[in-house]
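> Below is the structure I would like to discuss, written out as structure tokens.
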Amino acid sequence: MSPVPLFATSLEEQHERLLEALARAVRGERFILGPEVHAFEEEFARYLGVRHCVGVANGTDALAIALRALGVRAGDEVVVPSFTFYATAEAVAAIGARPVFCDVDPETFCVTRATVEEALTPGTKAVVPVHLFGNVAPVPELRDLGVPVLEDAAQAAGASVGNAKAGALGDAATFSFFPSKNLPCMGDGGAVVTNDDEVAARARALRFHGSKDKATFVEVGYNSRLDELQAAALRVLLPELDAWNARRRAAARAYEREGLAQYAAPPRAVKGAEHVYHLYVVRHERPDELAAALAERGVGARGYYRTPVHRQPGMADFVNPVDLPGTEECARTNLALPMGTLLTREHVSEVVRALAPLP
């Protein structure tokens, strides 16, 4: 069989337009918060259906800036899942707040109202649900808890619930445009999005050293702005996003039709969510053995977050004794199979055929 990579993506079709966009930005010679950034912010906000988009340097800065813009201060508690990339909790700790870890549903890999509610205390000032692997956490249910909700939508650009896009569901949301994401740029990039004018204004000040006018600095902020060249690239790629996500969903349906469920538990979307399959993550009782066997057959596969965030050494100062059985199951059993915009039905068939002989 021919090799099937874990990340079946490429920007080859967009190379010429990307080069043209980068050349346009170079000719403009406004490299910091120039016209490309402003245009992308307007276009991405319009795509999501929100009032404001604030471009920042990366997705981790986006989380820290958004939390502060929502009023989270040093010493406050923020509820986060432990089954996620480290940056979700890292950003909380970086602003002096305290991450409080909650569990997830092993079938969706996302938090639920019940798991979040169990972690709430009088000190909770925000909740950060993660739209993990392209799924969409149940944000409307979380907002009913009466605590500000910041969506970590780094892996879910283009996902939706009904007519609302991920990123337009909570009080604010953050995105990463890291090159592996569904909406990538050509390096690091991120954004804070919101419908709240005050949150947006504070995020804009925080990304520029805590200043609104570049002369008066009202608080300690960040040097964290979306690069003009990256914004130019994102303007080329944003119109591709829905078609790319449609290909990812088609690949997910192909896995189902090819009988993947005979060999591993397929991912399940949160009720009402339109999953965008940033990663196609299944569950299996011996995932690492499965990955090794697939590698011998030329199929890319890997486990994610084997050590959950609450058990990472960097979180030792923040973790009280906590029982997170769903998180532990996800960490132990998950395995990402090939996914991407270039993954064909034939590729999927090869992956499932490779699974078939395995015990």
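Computed from the coordinates by the stated procedures, all read-outs in this text should not be read as laboratory data. Keep in mind that what you see is a predicted model, and the values were worked out from it rather than measured. Note that each Cβ is placed from the backbone with ideal geometry, even for glycine, and that neighbours are counted across all protein chains shown.
> Show me the ranking of peptides 236-244, 169-177 by mean Cβ neighbours inside 10 Å, starting with the highest.
169-177, 236-244
> When the chain is modelled as a GNM with alpha-carbon springs shorter than 10 Å, which of Asp152, Asp197, Asp188 fluctuates the most?
For the chain, modelled as a Gaussian network with Cα springs under 10 Å, the answer is Asp197.
> Could you work out the Kirkwood radius for the chain, taking every pair of different alpha carbons, averaging 1/r and inverting it, reported in Å?
After inverting the mean inverse Cα-Cα distance, the result is 20.8 Å.
> With a Förster radius of 22 Å, plug the Cβ-Cβ distance of Ser180 and Arg306 into 1/(1 + (r/R0)^6) and report the FRET value to the nearest 0.05.
Computed FRET efficiency for Ser180 and Arg306 comes out at 0.75.
> Another question, then. Using only the Cα atoms of segment 206-345, what are the Rg and Dmax in Å?
Over segment 206-345's Cα set, Rg and Dmax evaluate to 20.8, 63 Å.
> Could you work out Rg/(2.2 N^0.38 Å) for segment 153-235, with Rg from alpha carbons only?
1.19
> Related question: To the nearest 0.05, what FRET efficiency results for Arg24 and Arg51 with a Förster distance of 25 Å applied to their C-beta separation?
Efficiency for this residue pair is about 0.40.
> Under 5 Å between amide H atoms, partner at least 5 residues away or on a different chain: which partners does Val299 have, H built in plane at 1.01 Å?
Val4
> Would you be so kind as to identify which of Ala269, Ala331, Ala291 lies farthest towards the positive end of the dipole of segment 241-355, taking Lys and Arg as +1 and Asp and Glu as -1 on Cβ and the Cα centre as origin?
Ranked along the dipole, the leading option is Ala269.
> Turning to a different aspect of this structure: Full-extension gain between Glu107 and Ala265, please, as 0.36 nm times their residue separation minus the C-alpha to C-alpha distance.
Extra length available between Glu107 and Ala265 comes to 56.0 nm.
> Just to be sure I follow: if Rg is taken over the C-alpha atoms of segment 1-154 and Rh is the Kirkwood radius over the same atoms, what is Rg/Rh?
Rg divided by Rh gives 1.05.
> Across the chain, how many lysine pairs, 8 or more apart or on two chains, come within less than 28 Å at their alpha-carbon atoms?
6
> Also, quick follow-up: Among 343-349, 13-19, 181-187, how do they line up from the highest to the lowest mean number of other beta-carbon atoms within 10 Å?
Sorting 343-349, 13-19, 181-187 by mean packing, highest first, produces 181-187, 343-349, 13-19.
> Under the 0.36 nm per residue contour assumption, what length would be gained going from the current alpha-carbon distance of Asp242 and Leu358 to full extension?
So the extension gain works out to 38.2 nm.
> Let me ask you something else. I want to check the label-to-label distance for Tyr86 and Leu145. Put each point 7 Å from Cα in the C-beta direction and report it in nm to one decimal.
2.5
> Evaluate E = 1/(1 + (r/R0)^6) for Ala39 and Ser2, where r is the Cβ-Cβ distance and R0 equals 41 Å; express this FRET efficiency to the nearest 0.05.
Approximately 0.50, to the nearest 0.05.
> Moving on to the next point. Based on C-alpha coordinates, I'd like the Rg and Dmax of segment 72-145, in Å.
When restricted to Cα atoms, segment 72-145 yields Rg and Dmax of 11.5, 34 Å.
> Please state the shape class of segment 293-359: rounded when a/c is under 1.5, otherwise prolate if a/b exceeds b/c and oblate if not, all from the C-alpha gyration tensor.
prolate
> While we're looking at this one, here's another question. Restricting the count to DSSP beta bridges whose residues both fall in the chain, what percent are antiparallel, rounded to a multiple of 5?
Once the DSSP bridges in the chain are tallied, antiparallel ones form about 60 percent.
> Arrange the peptides 201-213, 70-82 so that the one whose residues have, on average, the most other Cβ atoms within 10 Å appears first.
70-82, 201-213
> Find which of Pro321, Leu48, Leu150 sits farthest along the positive direction of the dipole of the chain, computed with +1 on the beta-carbon of Lys and Arg, -1 on that of Asp and Glu, about the Cα centre.
The residue sitting most towards the positive pole is Leu48.
> Can you tell me the length gained on complete extension of the stretch Arg73 to Arg17, counting 0.36 nm per residue apart and subtracting the Cα distance?
15.9 nm
> May I pose another question? Roughly how many debye, to the nearest 20, is the charge dipole of segment 1-48 about its Cα centre, given +1 on each Lys and Arg Cβ, -1 on each Asp and Glu Cβ, and no other charges?
I would put it at about 80 debye.
> For segment 241-355, give the magnitude of the charge dipole about the Cα centre (Cβ charges: +1 Lys/Arg, -1 Asp/Glu; no others), in debye to the nearest 20.
So the dipole magnitude of segment 241-355 works out to roughly 320 debye.
> Give the residue from Thr307, Val281, Thr341 lying farthest towards the positive end of the charge dipole for segment 241-355; charges sit on Cβ (+1 for Lys and Arg, -1 for Asp and Glu) and the dipole is referred to the Cα centre.
Thr341
> With +1 on each Lys and Arg Cβ and -1 on each Asp and Glu Cβ, and nothing else charged, work out how big the dipole of the chain is about its Cα centre, in Debye to the nearest 20.
Computed about the Cα centre, the dipole is about 360 debye.
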